[in-house]
Amino acid sequence: MNTTNTKCLIIGSGPAGYTAALYTSRANLSPLLYEGHQPGGQLTITTEVENFPGYPEGTTGTQLMEDIRRQAIKFGADVRPGIVTEVDFSQRPFKVKVDDGTQILAETVIISTGATAKFLGLPDEQRYMGLGVSACATCDGFFYRKKRVAVVGGGDTACEEALYLSNIAADVFLIVRKDHLRASKVMQRRVLEKPNIKVLFNTNTAGLYGEEFLEGAHLVENKGTDNEQHYDLAIDGFFLAIGHKPNTDVFAKYIELDETGYIKTNGHSTATNVEGVFAAGDVADPHYRQAITAAGSGCRAALDAERFLAEQE
Ligand code: NDP
């Protein structure tokens, strides 16, 4: 087995991982980063990014990730393709196995594996991805100015996305499968009071339609009852907000997670329950989920890892 030693192993790319690599390489820690299933992370499936500071003309998610990646490599980060399949955090150095057969022995680990938006599982969702289907209103909402959009879900995220879109789009439909919202009372009130948001309770999405771009959704009301009704809703945008799944399965044996699977960090730091293991980005953040907040936490994790190593010496 090929074994590599490193002072700092970063698992996962995206803004958190690449920023952690940039900071740790500038601190002479010679970090090793494995990029995981989706090099560059969730941003690579969005289109334009107009809210990352420093890009007044906007950029694409893929370009932004490539820029931070190049910046990290320039200072010596060793960025490799590969997926971590197994970890042993029971003692230091931590043992980590990669799918190419490499074993890593790491003094510190920064977990930045992100989260994956949940989809309904309709084949049409992939067909219209980027052509009307999105899982991020803050990323893509701007393109639906004065248009008609729908948001699926009844939790806080769905309400937040619907409210955000209601300030941009002409009409927002919130598609909720139950007869009530799961979101906090305050969010429910805001949604119900907003004149251009219409909540469609007891409604499921059966499919999407459109020539090249999305043109509408096939909906089913009161599914499975005597009162079941099928109809089409003309919309330009379809936003999924049925939750995210943090990519933490491989760490669950050692790392403390909250009830929805996000990594718990210690107060203001990025420290996990295992000394020397830090978490950054969406994998530890169910709330903000922005490229800039992920990049910020990647920087914090790098500084935490650097200080931890200095204390060990
Ligand atoms: P939640 O799990 O709270 O809600 C998911 C919603 O999606 C539910 O309404 C659920 O319906 C619906 N849903 C799930 N699967 C399907 C499906 N297959 N078809 C149709 N609908 C579906 O996820 P959120 O992302 O909203 O929130 C995650 C956590 O983050 C929560 O604890 C939330 O409070 C928190 N959060 C807090 C915010 C804030 O405080 N500002 C902002 C955003 C999130 P059902 O109810 O029927 O199960």
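The values are calculated or read from the model by the stated rules, or taken from the named source; none is laboratory data. Only a predicted model underlies this, so the values are computations on that prediction, with no experimental measurement involved. Virtual Cβ from ideal backbone geometry, glycine too; neighbours counted across all protein chains shown. Calculation scope for accessible area: heavy atoms of the full protein, side chains included, ligands and nucleic acids excluded. Shrake-Rupley method; radii C 1.70, N 1.55, O 1.52, S 1.80 Å.
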Can you tell me how many residues within region 141-178 are modelled with pLDDT of 95 or more, among the β-branched types (Val, Ile, Thr) and within 12 Å of the ligand (Cβ to nearest atom)? 4
Only listed residue being assigned to a loop (DSSP other than H, G, I, E, B) and within 11 Å of the ligand (Cβ to nearest atom), chosen from 214, 181: 181
Filter region 154-203 for residues that are open to solvent by 50 Å² or more (accessible area, probe 1.4 Å) and of a type outside the set (D, E, K, R); the one that is nearest to the chain's Cα centre (by Cα) is 164
Is region 23-41 home to any residue that is touching a helix residue (DSSP H, G or I) at 6+ places or on another chain (Cβ under 7 Å), crowded, with 23+ Cβ neighbours inside 10 Å and under 30 Å from residue 240 (Cα atoms)? yes
Would you pick out the residues in region 103-119 that are out of contact with any Ser or Thr (no Cβ under 6 Å at 6 or more places or on another chain) and either open to solvent by 10 Å² or more (accessible area, probe 1.4 Å) or not hydrophobic (A, V, I, L, M, F, W, C) (or both)? 105, 107, 108, 112, 113, 114, 116, 117, 118, 119
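Among the listed residues 181, 233, 240, 174, which satisfies the condition of being free of Cβ contacts under 8 Å to residues at least 60 places away in the same chain and either of a type in the set (Lys, Arg) or within 25 Å of residue 142 (Cα to Cα) (or both)? Can you show your working first?
Details: 181 fails: either of a type in the set (Lys, Arg) or within 25 Å of residue 142 (Cα to Cα) (or both); 233 fails: free of Cβ contacts under 8 Å to residues at least 60 places away in the same chain; 240 fails: free of Cβ contacts under 8 Å to residues at least 60 places away in the same chain.
That would be 174, the only listed residue that is free of Cβ contacts under 8 Å to residues at least 60 places away in the same chain and either of a type in the set (Lys, Arg) or within 25 Å of residue 142 (Cα to Cα) (or both).
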Take the residues of region 229-250 that are open to solvent by less than 60 Å² (accessible area, probe 1.4 Å) and of a type in the set (S, T, N, Q): which is nearest to residue 152 (Cα to Cα)? 247
Give just the number: which of (1) more than 21 Å from the chain's Cα centre (by Cα); (2) under 30 Å from residue 126 (Cβ atoms); (3) buried (at least 17 other Cβ atoms within 10 Å of the Cβ) does residue 70 not satisfy? (3)
Whether any residue in region 235-249 is touching a helix residue (DSSP H, G or I) at 6+ places or on another chain (Cβ under 9 Å), closer than 30 Å to residue 304 by Cβ and among the hydrophobic types (A, V, I, L, M, F, W, C) is what I want to check. no
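Sort out which residues of region 192-211 are more than 12 Å from the ligand (Cβ to nearest atom) and more than 21 Å from residue 131 (Cα to Cα), and write them in order of number. Spell out the reasoning first.
At the first step, the residues of region 192-211 found to be more than 12 Å from the ligand (Cβ to nearest atom) are 192-198, 207-211.
Within region 192-211, 192, 193, 194, 195, 196, 197, 198 qualify.
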